[in-house]
Amino acid sequence: MRPVHKMILAAMALLLATATYAAPLSDKPGTAMAPNKDALFLRDAAEASALEIAASKLAQTRAGGEQVKAFAAQMIRDHQAADEKMLQLARKLGIQLPASPPELKKQQLEDLGKLSGGAFDSAYARQFGVEAHQEAVALFRKAADDAKDDSVKAFARQTLPTLNHHLEMARQLASQAKQ
């Protein structure tokens, strides 16, 4: 192959890669395009919520303490309510959200499912109560400050007080689960 042809092929490959990377998040005509960071926030928030709901459903049957079961029930209710708002927002922006926890966290769920009673309570309160809500608060705080789309920013700001409340509840639960 001649050097000129190699350069043309390389340029075309680079152009194709750039065009693919810069493609819109949705190919539906007439849908608004959210900036990539906003779409990533919504995806990450949906995955985190799915993870917390899945862990909380496990808690309904595996937890030993009634306080843990009550906390889990509230997490399911609150996260499902937030998910409804998030899903409406994603539809408006033409973004498809994942409906299940991220692959990297599924092992954590499996490990949790092998526990029961006090061991479950402690692990659930720490991992899916405190740690998960610390991550969620940081994620939502960043979106509340940095989101490009006003509706994404508003959703993050409106959800933050609930997440902060969940974090405080989880900290109390974790301290009790250690005792």
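A few points about this structure:
- In sequence order, calculated HN-Hα J values of region 121-135 (Karplus, 6.51, -1.76, 1.60; Hz; x Gly/Pro): 3, 5, 5, 4, 4, 6, 6, 9, x, 5, 4, 5, 6, 4, 5
- On the basis of the beta-carbon distance and an R0 of 30 Å, Lys37 and Glu131 show a calculated FRET efficiency of 0.80.
- Straight-distance candidates among the lysines for linking to Lys57, with alpha-carbon spacing under 24 Å and chain neighbours fewer than 8 residues away dropped: Lys69, Lys85, Lys105, Lys106, Lys114, Lys178.
- Unit charges on C-beta of K, R, D, E only; dipole of region 34-178, Debye: 80
- Between the residues Val152, Gly113, Gln127, the greatest Cα displacement towards the positive end of the dipole of region 91-179, with unit charges on the Cβ of Lys, Arg, Asp and Glu, is found for Val152.
No lab work stands behind these numbers, since they all come straight from the coordinates. Because the structure is predicted, anything quoted here is derived from the model rather than measured. Glycine gets a Cβ as well: all are built from the backbone with ideal geometry, and neighbour counts include every protein chain shown.
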